[in-house]
C-alpha cells in the first residue's frame, strides 16, 4: 500500500528528521534518559538506520550518553562498514550484554568481518557452548551454508506422534526464538523430513509425524554455497533449509528470511559492481571510497585510450570531412548503451542460474536479433538525420550501416563476455562492463570511420 504524500521516506521506516534532531539535541545536552526514551521504543533496524545517518562524532557522543542502550539486534542490522566502528566504542560489559541473546547466525554475521582482536572480544562475551557453535561456523568457508546457518533448531525422533511433539514443545526445553519446522531425525541424527507447526497443530495427537511431512524437504551440505541454498529456498518455496555435515547429520538450518536477505544482498552487490563502485556504501570514509573506485576508473582510462588509438588511425579521414567528428560519438554511445542493456540482463540471469549452457545460444541469438532490429530502426533515423543535417546522402548511409553493425555487436558482446568470464572463474558483474564498453567503442569507431574512408573519400 502506498504511503500518504505527506509522509517522508524516512518516516515510513520510523525515522524522521525531527526525531534525529530531538535525539541529537538530547545527546548534546547529555540527557541519557531522554535519549533512551526516544530510541528504546524503536525497532532495532530503525535505530541502526539512525546511526547510519549521523556522522562518526555524533555516533560516538550518542553511545557515550546512552550507555547500555545498544543491543545485539541493532549491531546485526548495522551496515558492515559501521559495525567495527561501533563495537570499538562499546565497553566490554556493554558488548557482552549486546551479543549474549543473539542467535548463532547473527553472531557469526556480526564478527566474521571484524579484526582478530574485536572477534575475540565478542567471542569472550558468549557462553562456552555458544562460543563453540560460533567458532565452528567461522571454520567453514566464507560463503558456505555452514558459515551462515542458524544452529538453533527443533529436532524430534521420526517415530514420534503429534502428541509427543506437542508435549515436548510445551515442556521447559529451550526453543529458538523463531522456528517454522520440527525436523525429524533417525537414531544417527540424520535428517529424514520435516513437519510444519501448522500441520502439527491441525493434526490428531496420535498421528505419526512421518505421515505429515512436507514434500519440499531436502538437505544442503555445510560447504555448499549459501547463494545456491537461498536460490533453492526461493525456487522450491521452502521455509527452512536443513544443513547437514559429512555424515548427513543435521547441524543447522537456513530460514527463508535469511535466504531472502542473501538474495537481496547479491542483487545489490551485482548492481554496484556493474557500476564499478565495488561494495561501497554511504557510510564509507572518503579514502575507502576512493580506493574502491580508482581501479575501475583506471581500467576505463586504458580502454578509452585504446578507443582513441582506433580514432587516430583515421585522422586523415576525419580531417577531410569534419562531420564525421560530430557524428561518430553517436554510434559509440548507442552501442555502449545497447551493450550495457544486454550485459545487465545476462549478469542477472547468470546470478539467478537462469542463463545456463543449455540456453546460452538461444539467449545470444535473441540479443543479436534485438540488436539488429533496433539497429535498423535507428539506422533509418540517423540516415535521415545525416542527410537533413549535412546534406550528404552517403554520409547518412555510412552512419546507418555503422549503427546496425555496432548494435548487433553490442547484443552479442553484452551476452557472450559475461558468460566467458564466468567460465574463467571471474565475477562477470565486476569485469564485464569495461570489456563490453571497449568492444562497442572500438567497433563503433572502426565501422563508422572505416566505412567513411571507403565510401566518402
What distance in nm separates the simple spin-label points at residue 212 and residue 143, each placed 7 Å from Cα in the Cβ direction? 4.0 nm
Footprinting proxy, 49, 237, 159: sorted fewest to most Cβ within 10 Å, the residues are 237, 159, 49
Relative contact order as a percentage, segment 111-193, C-alpha pairs under 8 Å and 6+ apart, gives 22 percent
Mean projection of the alpha-carbon convex hull of segment 9-142 over all orientations, in nm²? 8.1 nm²
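Stretch residue 357-residue 372 to full length: gain in nm at 0.36 nm per residue minus the Cα-Cα span? Intermediate values should be presented prior to the final figure.
Values: separation 15, 0.36 × 15 = 5.40 nm, distance 2.35 nm.
Net length gain for the segment: 3.1 nm.
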Roughly how tilted is helix 56-65, in degrees to the nearest 10 and between 0 and 90, from the longest Cα axis of the chain? 10 degrees
Cα gyration tensor shape of segment 337-453, rounded if a/c is under 1.5, else prolate or oblate by comparing a/b with b/c: prolate
Given 20 °C and 1.002 mPa s, how large is the Stokes-Einstein diffusion coefficient of the chain in µm²/s, with Rh as the Kirkwood radius over Cα pairs? 81 µm²/s
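Highest mean first, what order results for 442-452, 53-63 on Cβ atoms within 10 Å? Don't skip to the answer; put the middle values down first.
On the way: 442-452: 22.7, 53-63: 15.8.
Most protected by this proxy first, the peptides run 442-452, 53-63.
R0 = 51 Å: FRET efficiency of residue 24 with residue 177, Cβ-based, nearest 0.05? Let's see the in-between values first.
On the way: r = 32 Å, r/R0 = 0.64.
It comes out at approximately 0.95.
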Set the Förster distance to 56 Å, then compute FRET efficiency between residue 247 and residue 313 from the Cβ-Cβ distance, nearest 0.05. 0.30
Could you state the angle between the C-alpha long axis of helix 17-28 and the longest principal axis of the C-alpha atoms of the chain, as a value from 0 to 90 degrees rounded to the nearest 10? 60 degrees
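How would you rank 286, 436, going from fewest to most other Cβ atoms within 10 Å of each one's own Cβ?
Values: 286 7, 436 27.
With the fewest neighbours first, 286, 436 line up as 286, 436.
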Exposure proxy check on 420, 454: fewest-to-most Cβ neighbours within 10 Å is 454, 420
Angle, helix 128-138 long axis vs. longest principal axis of the chain, Cα atoms, 0 to 90°, nearest 10? 20 degrees
How high is the relative contact order of segment 155-271, in percent, counting Cα pairs under 8 Å that sit 6 or more residues apart? 22 percent
Suppose R0 equals 30 Å; then what is the FRET efficiency for residue 291 and residue 131 from their Cβ-Cβ distance, rounded to the nearest 0.05? 0.30
At q = 0.12, 0.16 1/Å the base-10 log of I(q)/I(0) from the Debye formula over the alpha-carbon atoms of segment 155-271 is -0.46, -0.77
When only Cα pairs under 8 Å and 6 or more residues apart are kept, what is the percent relative contact order across the chain? 10 percent
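A short reminder: the numbers here are calculations on the coordinates, not readings from a lab. Quantities reported herein were computed from a predicted structural model and do not represent experimental measurements. Positions of Cβ are generated from backbone atoms using ideal geometry, with glycine treated the same way; all protein chains shown enter the neighbour counts.
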